[in-house]
1. Charges at C-beta only: +1 for Lys and Arg, -1 for Asp and Glu. How large is the resulting dipole of the chain about its Cα centre, in Debye rounded to 20?
2. Given the Cα atoms of the range 242-306, and with Rh set as the inverse mean 1/r over their pairs in the Kirkwood sense, what is Rg to Rh to two decimals?
3. Can you work out the accessible area per residue across the range 34-188, with the rest of the protein chains kept in place, probe 1.4 Å, in square angstrom?
4. Compute the Rg to Rh ratio over the range 95-185 from the alpha carbon atoms, using the Kirkwood formula for Rh, and round to two decimal places.
5. Taking the Cα centre of the range 123-202 as the origin and placing charges on Cβ (Lys, Arg +1; Asp, Glu -1), which of Pro163, Ala176, Ser134 is farthest toward the positive end of the dipole?
6. How far, in nm, would the chain grow between Leu279 and Leu173 when pulled straight, counting 0.36 nm per residue and subtracting the alpha carbon separation?
7. Hey, can you list the DSSP H helices of the chain whose Cα span along the axis is 27 Å or longer and whose average Kyte-Doolittle score is at least 1.6?
8. Computed over the Cα atoms of the range 178-313, what is the ratio Rg over Rh, Rh following Kirkwood?
Amino acid sequence: MARWSIWTGAGAIGVEGSAAGVSAASARQGILCVLGAAGTFALAAACVKALEGAIPVAQVILFRNLFALPALLPVLIAAGGFAVLRTKNPWGHVQRCLFGLVGMTGAFYGYATMPLTTVTALGFTMPFFLTALSVPLLGEKVGWRRWSAVGVGFAGVLVMLRPWSGGAAYPPLAVALVLLAALGWALAMISIRKLGQTGEDSVTIVAWFAIGAGALAGIAAVPTWVWPDARQWGLLAAVGVISAVAQLLMTAAYRRSATTLLAPFEYSGILWTSLLGALVWAEWPDGWDLVGIAVLVGSGLFIWRREVVLARKR
């Protein structure tokens, strides 16, 4: 699910900025919006999990985008209506759409088969993939501190999976797909950066992703189509509408305040998913899970901090 922001995966329609010059009121509003977005994204993930894998992933992605479009329509109209769909770089949108679909497919499969908190934590490996990929794909320089944080972060993944225990802590296929999803979102983030460099508007990027992902998912869904019952229709609608609301909240946050201030608050998603998982499915992380999550979050925050320091130097 596209839940990460500009810093962590382009879930928001927004722009990067500096914390300098941001008023205290705007900062508070931005933080509240990010916390709300993290909570609503967690709720959308819970709705996907509540489907219990009864609806094929391609169908879930299709309806996620179909039901999200009406909620996003006011933003698109305000940005210029159908004129927003004009693009200078169609191939860039194709790449962003394909990478985003990889991310959404892996995440949705993970929500259906693993604890919510575990999937959320593994999803936070995205900044590690992004850091590594930024070297060959964006020509950026990554120093030893950030490389060390990447290594420590993936060590946190191993702690959560604990291969030394003699048995898989979680389904290997699900783990692989969730990590592939994080890689997909990292590649999507790089695609979005490149689109931005060519002058593409953020609303255009969001609109084409919703249209393209919905169309491709619809084609993929045909061979395994399952007609949802009333409860499943409700959950599918909730996934789309809640995801759109979360996206709008994240957009509002990053328009009110700076990426350097808000990005760490996205990790509150761990708390939201832990709460939902415990209350609804009695999913309680064990000691190893908690250690691995702490390592993952700590490494991610360290990379964020280094980004902030380097940005100030530049």
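The values are calculated or read from the model by the stated rules, or taken from the named source; none is laboratory data. Computed from a prediction, not measured in an experiment: that's the story for all the values here. Glycine gets a Cβ as well: all are built from the backbone with ideal geometry, and neighbour counts include every protein chain shown. With ligands, DNA and RNA removed, areas are computed over all heavy atoms of the protein, side chains included. Shrake-Rupley method; radii C 1.70, N 1.55, O 1.52, S 1.80 Å.
1. On the way: 21 positive and 11 negative charges, 200 e Å.
For this selection, approximately 960 debye.
2. Computed over Cα atoms, the ratio is 1.05.
3. Values: 6140 Å² over 155 residues.
Using a 1.4 Å probe on heavy atoms only, each residue of the range 34-188 averages 40 Å².
4. Details: Rg = 13.9 Å, Rh = 13.8 Å.
Answer for the range 95-185: 1.00.
5. So the residue we want is Pro163.
6. Working: separation 106, 0.36 × 106 = 38.16 nm, distance 2.60 nm.
Taking Leu279 through Leu173 to full extension adds about 35.6 nm, to one decimal.
7. On the way: long enough: 24-50 (39 Å, 1.31); 57-78 (32 Å, 1.93); 90-113 (35 Å, 0.41); 172-197 (38 Å, 1.57); 202-221 (28 Å, 1.87); 230-256 (39 Å, 0.81); 287-313 (39 Å, 0.85).
For the chain, where a helix must reach 27 Å along its axis and average at least 1.6, the hits are 57-78, 202-221.
8. On the way: Rg = 18.4 Å, Rh = 18.5 Å.
Rg/Rh for the range 178-313 comes to 1.00.
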